[in-house]
Amino acid sequence: MRTIIVGCGRVGAVLAGRLSTAGDEVTIIDLLQDAFDKLPEGFSGQAVRGDGTDEDVLRRLGVEGVDRFFALTEGDNRNILAAQLAAETFSVPTVVAKVNDPVRASAYASLGIATICRTSMLVESLSGFVGLPSDTTEMRVMPPTGHHPGPHGARTANGSVAVSDATRPEVEH
Amino acid sequence: MYVIVVGGGKVGYYLTKELLAAGHELVLLEKDRSRAKQIADEVGSIVLARDGCEGQHLAEAGANRASIVAAVTGDDEDNLVVCQMAKHHFDVPRTIARVNNPRNEDLFRHLGVDEIISPTRMALAAIEQDIPVHELLHLAQLEGGELSLLEAQIGDGSPAIGRRPSDITLPDGCSLFVLIRGEQAQPIRPETVFQTGDKVLAISRTECELDLHRQLIGTTPGD
């Protein structure tokens, strides 16, 4: 499996280490060289300084043909842009964007980008911890509930954006 | 027509003023409070100190009745999200995004943004028009960069047309040695007369290039 991770923060670095230990070929991108200090010792992939929202940068790193793409920077919108580039321009089969605003997280899930929302995860987790009712589905990656309509409202034919095809509604042409 | 402008930088500020002058109903969202206040002091209470990327703030601004949402911040990712939220969440009929990285234009169109404004591309196009077509072409560096092998194309405005090498005053660090005319290369001889369309190969010291440019091509950007 080949994986690209954009953003070498705590989450990106630890995930990169884990995937790399499991035998994945991992490339992790960050704007700052210092960010790579967080990578664990077992990491044997590639760490590249660059802008993961730039099409040319991603192409140079071989995004065409990767299996998984995780957008995990600190900026919701940067993650959304990078994820849509990966899914729509480069047809990466599995794309997940970290989107901490719950409204945007569900909006983009309905546009075909799997999202993971730290806000919802923490709120649900803490609610459960203190005995309030909590929705555990909010603690997982939110799979795409629809997919991107494409330009001028036309559905895109190539369904490259879903984590799991089963979650996607039937497409009308 | 009701218009929502997101981003109160230079583009958003002037756009707001133009649209107001044209009599449109308008709200400007600018997330930086002090910048929002600064603009509000001038144009009135139509400025909200809000982040237009947040669905809730777009709703407060009345996105569901807007005819146009124009996202003109300096960050492409923010402009994209504003337009997508406007289009897919609020059914805004017309979305306009400023795109700073020209490579994003196709993606934004594909993702449903109706109109793209690309200041970078506009500036590039304008600058390219101003650059004269005939330039000194650097073919190679010689002697560790001290000397350059250059090609000059003799265009219509060249002062060299109709002249012989001896009529052209060049500094010591510079010599012309080959003429390419009609795809044929020939040495530059004392009796050679330069004409339009000729290409001249020269070797020049770096500091003499401006002189060479003036003599063979004509005016330089510095003139």
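Observations
- Estimated vicinal HN-Hα couplings, Hz - segment B:88-100 in sequence order (Karplus 6.51, -1.76, 1.60; Gly, Pro = x): 8, 9, 10, 6, 5, x, 9, 10, 10, 10, 7, 10, 8
- Net charge of Cβ neighbours under 10 Å - reference B:ASP114; Lys, Arg +1; Asp, Glu -1: +2
- For segment A:38-124: rounded, prolate or oblate by the Cα gyration tensor [a/c cutoff 1.5]: oblate
- Anisotropy class of segment B:27-126 from Cα gyration tensor, a/c 1.5 cut: oblate
- Rounded is the label for segment B:3-86, because the ratio a/c of its alpha-carbon gyration tensor axes (a ≥ b ≥ c) stays below 1.5.
- FRET efficiency, 1/(1 + (r/R0)^6) with R0 56 Å, evaluated for B:VAL193 and A:GLN46 via beta carbons: 0.40
- Principal axis dimensions, chain B - Cα atoms, whole angstrom, descending: 79, 36, 36
- Taking a point 7 Å from the Cα of B:SER67 along the Cα-to-Cβ direction, the residues of segment B:1-25 with backbone N closer than 12 Å to it are B:1-4, B:23-25.
- The Cα center of segment B:1-78 and the Cα center of segment A:69-86 differ in position by 25 Å.
- Built amide H within the under 5 Å cut-off of B:VAL6, gap 5+: B:LEU29, B:ALA70, B:ALA71, B:VAL72
- Taking a Cβ cut-off of under 14 Å around B:ILE68, the surrounding Lys, Arg, Asp and Glu residues balance to a net charge of -1, with basic ones at +1 and acidic ones at -1.
- Long-range amide H partners of B:ILE117 with built H, under 5 Å: B:ALA97, B:ARG98, B:VAL99
- Extents of the protein assembly as shown, largest first, come to 98, 62, 45 Å (Cα atoms, principal axes, whole angstrom).
- Equivalent-ellipsoid semi-axes for chain A (Cα gyration tensor, √(5λ), whole Å, largest first): 25, 23, 13.
- Dipole-positive endmost among B:ILE117, B:LEU29, B:GLY44 within chain B (Cβ charges, Cα centre): B:GLY44
- Scalar couplings 3J(HN,Hα) for segment B:13-23, obtained by applying the Karplus form with A = 6.51, B = -1.76, C = 1.60 to θ = phi - 60°, are 5, 5, 4, 4, 5, 5, 5, 5, 4, 7, x Hz; x denotes Gly and Pro.
- For chain A, the antiparallel share of DSSP beta bridges with both residues in that region comes to about 5%.
- Helix-only mean residue ellipticity at 222 nm for the protein assembly as shown, each DSSP H run of n ≥ 4 adding -39500 (n - 2.57), per residue, nearest 500: -8500 deg cm²/dmol
- Converting phi to 3J(HN,Hα) with the Karplus coefficients 6.51, -1.76 and 1.60 and the offset θ = phi - 60°, segment A:15-20 yields 4, 4, x, 5, 5, 5 Hz in sequence order, with x at every glycine or proline.
- Residues whose amide H lies under 5 Å from that of A:ALA114, counting only those 5 or more places away or on a different chain, are A:VAL95, A:ALA97, A:VAL163; hydrogens are built 1.01 Å from N in the peptide plane.
- Each DSSP beta bridge with both residues in the protein assembly as shown is either parallel or antiparallel, and the antiparallel ones are about 40%.
- Each principal axis of the Cα atoms in segment A:1-88 has its own extent, and those three values, largest first, are 32, 25, 19 angstrom.
- Remark: segment B:100-223 is approximated by an ellipsoid whose semi-axes, taken from the C-alpha gyration tensor as √(5λ), come to 39, 16, 14 Å, largest first.
- Using a Förster distance of 25 Å, the FRET efficiency for A:ARG140-A:ARG18 (Cβ separation, nearest 0.05): 0.90
- Net charge dipole, segment A:18-149: roughly 200 debye, given to the nearest 20, about the Cα centre with Cβ charges of +1 for Lys and Arg and -1 for Asp and Glu.
- For segment A:44-87, no residue has its backbone nitrogen under 15 Å from a point 7 Å from the Cα of B:GLU60, taken along Cα to Cβ.
- When Rg and the Kirkwood Rh are both derived from Cα coordinates, the Rg/Rh ratio for segment A:64-109 amounts to 0.96.
Throughout, read-outs are computed from the coordinates displayed, never taken from laboratory work. Note that the coordinates shown come from a computational prediction; the quantities given were computed from them, not determined experimentally. Here the Cβ is made from the backbone with ideal geometry for all residues, glycine too, and neighbour counts use every protein chain on show.
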